[in-house]
1. Choose one of 176, 238, 117: the residue whose Cα lies farthest towards the positive end of the charge dipole of region 117-263 (beta-carbon charges +1 Lys, Arg; -1 Asp, Glu; about the Cα centre).
2. Report, in whole Å, the centroid distance computed from the Cα atoms of region 77-135 and region 202-268.
3. Between rounded, prolate and oblate, where does region 262-402 land on the alpha carbon gyration tensor, with a ≥ b ≥ c its root eigenvalues, rounded for a/c under 1.5, else prolate if a/b exceeds b/c?
4. Over the chain, what is the relative contact order in percent, taking alpha-carbon pairs closer than 8 angstrom and at least six residues apart?
5. For the chain, give the percent of accessible area contributed by carbon and sulfur heavy atoms, probe 1.4 Å, rounded to a whole number.
6. Would you mind checking which residues have amide H under 5 Å from residue 246's amide H? H placed 1.01 Å from N; only 5 or more apart, or other chain.
7. Going highest first, how would you order 301-311, 329-339 by mean Cβ packing within 10 Å?
8. Could you check the simple spin-label distance between residue 100 and residue 402, using points 7 Å along Cα→Cβ, in nm with one decimal?
Amino acid sequence: MQTREEIPGEHSGQSGDFEIGIGRRARRAYGFDEVALVPGGVTLNPDEVDITFSMGGRFDLPLPFWGSAMDGVVDVDFAIAMGKLGGVAVLNLDGVHTRYEDSAPIIEKVAGADKATVNAVLKEAYREPVKPRLISERIKAIKAAGVPCAVSTVPARAEERAEVVQRAGADVLVVQGTVLTARHSSRSYHQLSFEELVRACEIPVGVGNCVQYDTALELMETGIAGILVGVGPGAACTTRGVLGVGVPQVTATADVAAARDEHMRRGGMRVAVITDGGMRIGADVCKAFAAGADAVMIGTPLAGAEESASKGFNWGMATPDPNLPRGTRIHVGTKATLREILLGPARVDDGTQNFAGALRSALGVCGARDIAEFQHVEMVIAPSIVSEGKVFQQAQHVGMGK
């Protein structure tokens, strides 16, 4: 990734061809709306580019799209639907789908709650304990449909669940928290060792979330296969409001991708960088890959799919926290089928449908044959790119002015 003009004092590391500021205490960081891709000198047929995903050669997907482990989005049926389209949807093992035999009434109750009572409804719903039997049953149901299965767990339960999820047939285990590091200090509970967890698992282990170069590099050195990037960018997340913690996604992705490249330079395997959250439209998805992502994890855009568990609602994994919720329930409505959102054809002009088509077209326009090449295309800092030349669209609330 490159910029057309240098930013004094902000360059101390590199991701691809774009110099980024790594390790500075205070620096300018960029989100999706602040950058734009530069067309290549050669263009390619979008139908002939490669957008497949691979995690260490042990987990492959036709599409580089992951469904976020949000209860309002991913249940067994949604995971099957997304798997059949070529992506993978991550099932939250700490969610309502593993707490209740029939989670549909709980989802409906959360979706139907008014704004004044929804947090109380969520807290009550998540008081029911997780049942190991249901973890196995949910995984087996997904695998019985012939699609890949990825599951997410909080770090505190990762070790005890590793054997259960592998025995049930899961393909990927994701250990997910608001922020994860390779080193965690506590006097009151056992610290999870990622090295030991990786050794105990025959399936790939992904961890997250992370936004820093040094932290990402240290995590990669534990043997993990994938790393989730993002703290606070999700539409349903309030971490940045509650804790004041986070880094805009373009910079976070570039920094973690730089750690991946350094890890490989040192002789390590290629760790999949998965940008998690903050993507609303096709342009955001494309910029995430250009910044260095190997895949993207999407939540709220998929909540608008007809197949989503809640039919138009979404809430973060930390929303029902009994002490300090770091998320909220949002309503996006039912917008399209999952196929239309991922593969098209798009029925709208605002970039919310056919993410795969947008990605293929972006690779073609930038002259990249695959995602690895796309990670080195030129990007420019362009704060006005969203509104530039769009006066009529904004005035009439169409296209990019919606």
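The values are calculated or read from the model by the stated rules, or taken from the named source; none is laboratory data. Owing to the predicted nature of the structure, the values given are computational and were not obtained by experimental measurement. Cβ sites come from the backbone with ideal geometry, for glycine too, and all protein chains shown count toward neighbours. To get the accessible areas, we keep the full protein, side chains included, count just its heavy atoms, and leave off ligands, DNA and RNA. Shrake-Rupley method; radii C 1.70, N 1.55, O 1.52, S 1.80 Å.
1. Most positive-ward Cα: 117.
2. Using only Cα atoms to place each centre, the spacing works out to 26 Å.
3. Since a/c reaches 1.5 but b/c is at least a/b, the shape of region 262-402 is classed as oblate.
4. 23
5. That fraction is 50 percent.
6. Distant-sequence amide H within range of residue 246: zero hits.
7. Per-residue mean Cβ counts within 10 Å order the peptides as 301-311, 329-339.
8. Here the modelled spin labels are 3.1 nm apart.
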